[in-house]
Each structure stands twice: as C-alpha cells, then as structure tokens.
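Take a look at the structure set out below.
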Amino acid sequence: MKPTLAELDERDLIGIAMMCAEQAGITNNSLEIMFSRTHKPRPVHARVLFYKYLRDQGWSYPAIGKFVGKDHSTIYKNLENWVDE
C-alpha cells in the first residue's frame with residue numbers, strides 16, 4: 001500500500017531521491033549532483049525518476065516544484081520530454 005502524501009516526510013523523500021540517483025548511476029554527492037543545474041544524462045535521469053515517483057504518489061506539479069525549488073512547468077516539461085530507454 002502506498003503511503004499518503006501526509007505520511008511522507010522530508011527524510012523519506014531524501015532517501016527516495018538518493019535511491020533514484022543511485023539507480024541513475026550517481027554515487028558521490030548524489031543529491032548535490034542530482035539537483036544541480038546540469039543537463040548531463042545521469043542527473044537528468046535521476047531527477048525524472050524522482051519526479052515520476054512523486055507524481056505516482058499523487059503529488060501535483062506545483063508541490064514537486066516547491067519541494068525541489070523549481071517551477072512547476074519545469075517539472076512538467078522534464079517528465080514530458082523524457083524518453084525511457
């Protein structure tokens with residue numbers, strides 16, 4: 001059973017973000033690299049995995065954007081433009 005939005009706290013989300021970074025092949029300074037402004041494939045992949053997870057949990061684009069410090073339209077475009085390999 002999925003946790004509700006209220007049941008996820010910041011520590012849970014950071015852990016999930018770190019798992020997404022690891023899945024994308026980022027090992028050192030994973031969160032710093034993942035949420036940097038880079039457009040390199042691995043950090044972008046990690047961000048998209050994280051955004052997808054949050055969307056699957058029922059988060060809105062504005063809520064995701066607020067959490068990661070980006071505009072909701074950036075979140076939307078990242079998800080829309082990502083092509084799964």
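The values are calculated or read from the model by the stated rules, or taken from the named source; none is laboratory data. All figures in this text were calculated on a predicted structure; none of them were measured in a lab. With ideal geometry, Cβ positions are generated from the backbone for all residues, glycine too; neighbour counts draw on all protein chains shown.
A few remarks follow.
- Residue match in the stretch 41-54 (condition: farther than 25 Å from Asp9 by Cβ and out of contact with any Phe, Trp or Tyr (no Cβ under 9 Å at 6 or more places or on another chain)): yes
- Within the stretch 15-30, residues that are in contact (Cβ under 8 Å) with a residue 24 or more places away in the chain have Cβ atoms under 9 Å from residues that are surrounded by 20 or more Cβ atoms within 10 Å (Cβ to Cβ) and assigned to a loop (DSSP other than H, G, I, E, B) in these pairs: Cys20/Ile26, counting only partners at least 6 apart in sequence or on another chain.
- Pick from the stretch 53-67, criterion surrounded by 18 or more Cβ atoms within 10 Å (Cβ to Cβ) and not aromatic (Phe, Trp, Tyr), ranking: nearest to Met18 (Cα to Cα): Leu54
- Matching residues in the stretch 55-74 - criterion: being farther than 16 Å from Asp9 by Cα and basic (Lys, Arg): Lys70
- Listed by first and then second residue, the pairs with beta-carbon distance under 7 Å, at least 6 apart or on different chains, first residue in the stretch 43-69 and more than 13 Å from Glu80 (Cβ to Cβ), second part of a helix (DSSP H, G or I) and small (Gly, Ala, Ser), are Ala46/Ala21; Phe50/Ala17.
- The residue that is modelled with the lowest pLDDT, among those in the stretch 1-51 that are in a loop (DSSP other than H, G, I, E, B) and surrounded by 14 or more Cβ atoms within 10 Å (Cβ to Cβ), is Leu8.
- Answer residue from the stretch 68-85, given it is aliphatic (A, V, I, L, M) and part of a helix (DSSP H, G or I) and is surrounded by the most Cβ atoms within 10 Å (Cβ to Cβ) among those: Ile75
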